Amino acid sequence: MNLEEYLCKVIEQESDKLILRYHAYHNGLHHDHVRNTKRLSDPPKKVVQKPDYWKEDKKFNPFYVKKKRKSIARSIAKKISKKTYKPNTPFIKQIPKTGGGVRNVSIYQIPDAAVSKIYYNRLLTKNKHRFSSFSYAYRNDRNVHFAIQDIWLDISRDARSFIAEFDFSDFFGSISHDYLKAQYKSNGFYISDEEQFVIDSFLKDRKVGIPQGTSISLFLANLVCWQLDLRFERAGLKFARYADDTVIWSPDYQKICDAFTIINEFSSSAGISINARKSDGISLLTKKELPAELKSTKTNIEFLGYSISVNSVSIKDASIKKIQKQISYLLYRNLIQPLRGKKLKGLIIPSNNEDPALLTAIMQIRRYMYGGLSGQQLRNYINGRTKRIYFKGIMSFYPLVNDKDQLRSLDGW
């Protein structure tokens, strides 16, 4: 399959993915409106929204792109072969950060996103063996759960460990291009001239940084941190890195101090500054009941939505609050909102020991927690009777939680 045919195939796949996503949104909106019509006397109108960037250019619209995929693929393939290809200007979407400020995410037109995906997969297939086994982000052989499992299994073996936690400021947006390009040939990575041209095309309009929101940047993020991972390993440090989120631990205090030096030197070389406000630095991780001689002492660390201690793996407090907030909203929406106001809005009234609104609320909570799976389906999967399930509820992100007291508390909340 030549580049044009493969590009046409990937453009179609990307378009189909976005079309299905839009249909799922539209269908969910319709079902929600039908439920509101049944339970409220004055339901809100159904308003179907479209992504605002669809208006910017037709190539953001998956319905248009799918129809024109062959001519688009032919044009892009010719430009890549002649080395004249350049991605169209992406739509910049600003996402508010939890701690304040915004994160700029680049949304590329569908054909450019397809090009990025093709070359990302090529580069990853050829080079993933070069990445550290302690780098877990943006790979098809590593994920968040591997990172959490490896961290906990290691720190649970010691009653105390020294921990180093650092956070970078605007990691994607401040990477030095000189440092990045120096990694192309120096560390055994296989990057062809064509692949290097495509990478440079996505970086062309930037003096520093890589675009956040496109596939090829995921490979580049790991490429930039290769030297950092290597130095950690040579220093005999245990660590887990997920993009710019890094946690380092060791029973040896001197080694943790060495980690601080390594991080600072990498920060200077790559042009990525350390966020002092969000970095906890060096601390001692210990069990709650044990005494500690250091002021900076912790009983748990938070990493990728989890809270990890010597004794257990838990859901971090901020995530627990989000879960409680969503459950509160579902209960309010089904049971309380219809009763508010001067006039009774609810059309479904409990009778004959039956409460359809309560049943709806319970089922929506189950769907939110377990993605629509029944208890029997989950038990079959845990026991090995089912090899694979499509698990999309909130608990699909927390399969490693073993803090039973926390889960009981959440159940009884």
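Details
- Looking only at residues in the range 215-256 that are in a loop (DSSP other than H, G, I, E, B) and closer than 19 Å to residue 141 by Cβ, the one that is nearest to the chain's Cα centre (by Cα) is 243.
- Which listed residue is at pLDDT below 95 and either buried (at least 19 other Cβ atoms within 10 Å of the Cβ) or assigned to a loop (DSSP other than H, G, I, E, B) (or both), from 147, 114: 147
- Per the listing 53, 6, the residue uniquely surrounded by 14 or more Cβ atoms within 10 Å (Cβ to Cβ), of a type in the set (Ser, Thr, Tyr), out of contact with any Lys or Arg (no Cβ under 9 Å at 6 or more places or on another chain) and touching a residue at least 24 places away in the same chain (Cβ under 8 Å) is 6.
- Checking each residue in the range 61-115 for being among the small types (Gly, Ala, Ser) and farther than 27 Å from residue 1 by Cβ picks out 99, 100, 101, 106.
- Picking from residues in the range 83-104 that are surrounded by 12 or more Cβ atoms within 10 Å (Cβ to Cβ) and of a type in the set (S, T, N, Q), the one that is farthest from residue 62 (Cα to Cα) is 104.
- Test: residue in the range 64-82 that is surrounded by fewer than 16 Cβ atoms within 10 Å (Cβ to Cβ), within 27 Å of the chain's Cα centre (by Cα), among the basic types (Lys, Arg) and not in a helix (DSSP H, G or I): no
- Residue list for the range 254-279, filter: exposed (fewer than 13 other Cβ atoms within 10 Å of the Cβ) and aliphatic (A, V, I, L, M): 276
- When 392, 387 are checked against the criterion of being basic (Lys, Arg), surrounded by fewer than 15 Cβ atoms within 10 Å (Cβ to Cβ), without any contact (Cβ under 8 Å) to a residue 24 or more places away in the chain and touching a Gly at 6+ places or on another chain (Cβ under 9 Å), 392 stands alone in meeting it.
Condition check ((1) among the charged types (D, E, K, R); (2) without any contact (Cβ under 8 Å) to a residue 24 or more places away in the chain) across all residues:
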| site | (1), (2) |
| --- | --- |
| 175 | no, no |
| 196 | no, yes |
| 201 | no, no |
| 233 | yes, no |
| 238 | yes, no |
| 246 | no, no |
| 250 | no, no |
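- Check on residue 126, more than 23 Å from the chain's Cα centre (by Cα), within 19 Å of residue 266 (Cα to Cα) and of a type in the set (D, E, K, R): no
- Of the candidates 201, 133, 161, 169, the single residue that is more than 24 Å from the chain's Cα centre (by Cα), of a type in the set (Gly, Ala, Ser) and closer than 30 Å to residue 307 by Cα is 161.
- Filter result for residue 107 (surrounded by 14 or more Cβ atoms within 10 Å (Cβ to Cβ), among the aliphatic types (A, V, I, L, M) and modelled with pLDDT under 95): yes
- Within the range 124-150, being touching a helix residue (DSSP H, G or I) at 6+ places or on another chain (Cβ under 8 Å) and of a type in the set (A, V, I, L, M) holds for 124, 137, 144.
- Boolean, residue 139 is of a type outside the set (Phe, Trp, Tyr) and more than 20 Å from residue 247 (Cα to Cα): no
- Evaluation of residue 92 against (1) touching a helix residue (DSSP H, G or I) at 6+ places or on another chain (Cβ under 7 Å); (2) of a type in the set (A, V, I, L, M, F, W, C); (3) in a strand (DSSP E or B) (one fails), failing number: (1)
- Residue 192 vs. criteria buried (at least 17 other Cβ atoms within 10 Å of the Cβ) and hydroxyl-bearing (Ser, Thr, Tyr): no
The values are calculated or read from the model by the stated rules, or taken from the named source; none is laboratory data. Bear in mind the structure is a predicted one, so any value in this text is a computation, not a measurement. Methodologically, a virtual Cβ is constructed for each residue, glycine included, from the backbone with ideal geometry; neighbour enumeration extends over all protein chains shown.
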